[in-house]
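To keep things clear, I will list the structure first and then write my remarks on it.
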Amino acid sequence: EFNVIFDTGSSNLWVPSIHCKSLACLVHRRYNSSDSSSYTENGTEIVFHYGSGSCDGFLSSDLVEVGDVPVQDQLFAEIVHEGLSFLPGHFDGILGMGFVEISALGVPTVFDNMVEQGAVDEPIFSFYLNHNMSGDIGGELVLGGSDPEHYEGEFFYVPVSRVGYWEITIDGIKVGGEAKPFCNPCEAAVDTGTSLLAGPTADVKDIMSDLGAFHLLGPEYGILCHNVPDMPLLTFTLNGKDFDLEGSEHVIEVVDETTGVAECIVGILCLDTSALIVDWIIGDPFIAKYYSEFDVGNKRIGFAKSK
């Protein structure tokens with residue numbers, strides 16, 4: 001059994017191999033094909049590059065079960081070299097939920113195979129992320145539909161603008177109700193594998209000035225914790241509809257364990273994503289507020305208020 005990140009920003013499945021001797025592999029669960037009766041050898045070499053690091057290995061095929069949903073003969077990567085950036089991760093591997101168009105070597109995705117094999121009712125999967133870190137569950141992934149227990153009202157659908165990532169068009173961005181001069185429109189990837197929001201450095205600087213934030217290290221900005229309730233609304237306009245985020249819905253409070261002092265980090269990073277061909281990444285803070293239904297069949301994403 002492996003813990004994986006269900007990542008709409010990539011499209012391959014990989015787990016560490018028993019043949020991997022990298023430190024990052026040794027502290028995580030490793031796949032041993034000799035323990036499996038349904039394993040089929042492949043051996044094609046494969047490399048993955050992520051924002052946080054890279055890894056490489058070779059393809060194998062096996063029965064993959066996600067929850068209680070079986071996928072026969074799924075090609076996946078056994079990783080034999082894993083960068084140190086994966087060392088602290090609370091996950092063993094990554095299960096990509098993007099489109100096959102961005103799959104390395106064009107390997108069919110786990111979800112496409114579920115649909116093809118009739119393992120799910122509909123070509124839809126949905127994410128609920130719990131904003132309350134101390135809650136009973138961190139979130140829920142539904143394969144084949146969505147869970148009305150975790151959203152209210154109707155879904156509002158935004159079409160996928162380009163297949164590959166779950167890419168949509170942002171019509172505009174507002175801070176405190178004031179339209180910004182950039183991103184009208186621009187492209188964004190809705191990415192469950194990114195824990196924050198991210199946008200071009202110049203645009204983020206402009207937004208931070210309006211939010212009353214100050215620059216910390218590298219791509220991060222901070223805000224005085226007592227100012228969070230007074231932060232202006234951040235609004236993304238998608239397919240003509242406004243989606244708001246309050247300060248408390250994207251700011252992360254980090255408590256220094258030695259001093260007990262809280263520091264508040266604004267959940268928007270500077271990231272110039274020329275490699276991704278999108279301007280913005282809409283990550284977990286947005287998905288936590290808005291339950292997200294990824295409709296593969298109709299190539300659209302539905303958003304509804306989480307509950």
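Below, the figures for the structure above:
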| quantity | calculated |
| --- | --- |
| Contacts under 6 angstrom Cβ, first residue in the stretch 289-307 being aromatic (Phe, Trp, Tyr), partner part of a helix (DSSP H, G or I) and surrounded by fewer than 22 Cβ atoms within 10 Å (Cβ to Cβ), 6 or more apart | 291/150 |
| Output for the stretch 112-150, where each listed residue is within 19 Å of the chain's Cα centre (by Cα) and among the hydroxyl-bearing types (Ser, Thr, Tyr) | 126, 128, 146 |
| Qualifying residue in the stretch 82-103 (condition: over 22 Å from residue 20 (Cβ atoms), surrounded by 17 or more Cβ atoms within 10 Å (Cβ to Cβ), touching a Phe, Trp or Tyr at 6+ places or on another chain (Cβ under 7 Å) and of a type in the set (Gly, Ala, Ser)) | yes |
| Residue within the stretch 255-277 that is modelled with pLDDT of 95 or more and surrounded by fewer than 18 Cβ atoms within 10 Å (Cβ to Cβ) present | no |
| Cβ pairs under 6 Å, 6+ apart, first in the stretch 145-166 and over 23 Å from residue 119 (Cα atoms), second outside any strand (DSSP E or B) and polar (S, T, N, Q) | 158/239 |
| Pairs with Cβ under 6 Å, 6+ apart, first in the stretch 209-230 and surrounded by 16 or more Cβ atoms within 10 Å (Cβ to Cβ), second assigned to a loop (DSSP other than H, G, I, E, B) | 211/231; 213/266; 221/213; 221/266; 222/216; 223/213; 223/266; 228/251 |
| Residues of the stretch 212-223 classified as among the aliphatic types (A, V, I, L, M) and out of contact with any strand residue (DSSP E or B) (no Cβ under 7 Å at 6 or more places or on another chain), total | 1 |
| Output for the stretch 98-117, where each listed residue is outside any loop (DSSP other than H, G, I, E, B) and at negative phi | 100, 101, 102, 104, 110, 111, 112, 113, 114, 115, 116 |
| Flag if residue 79 is in contact with a helix residue (DSSP H, G or I) (Cβ under 8 Å, 6 or more places away or on another chain) and either outside the structural domain of residue 277 (by the TED database) or exposed (fewer than 15 other Cβ atoms within 10 Å of the Cβ) (or both) | yes |
| Single residue of the stretch 61-84 satisfying the filter (touching a residue at least 40 places away in the same chain (Cβ under 8 Å) and not in a strand (DSSP E or B)) that is farthest from residue 8 (Cα to Cα) | 84 |
| Filtered residues of the stretch 6-21 (kept if hydrophobic (A, V, I, L, M, F, W, C) and surrounded by fewer than 20 Cβ atoms within 10 Å (Cβ to Cβ)) | 6, 18 |
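The values are calculated or read from the model by the stated rules, or taken from the named source; none is laboratory data. Keep in mind it's a predicted model, so treat the numbers as computed, not measured. In this analysis, Cβ positions are derived from the backbone assuming ideal geometry, glycine residues included, and neighbour counts consider all displayed protein chains.
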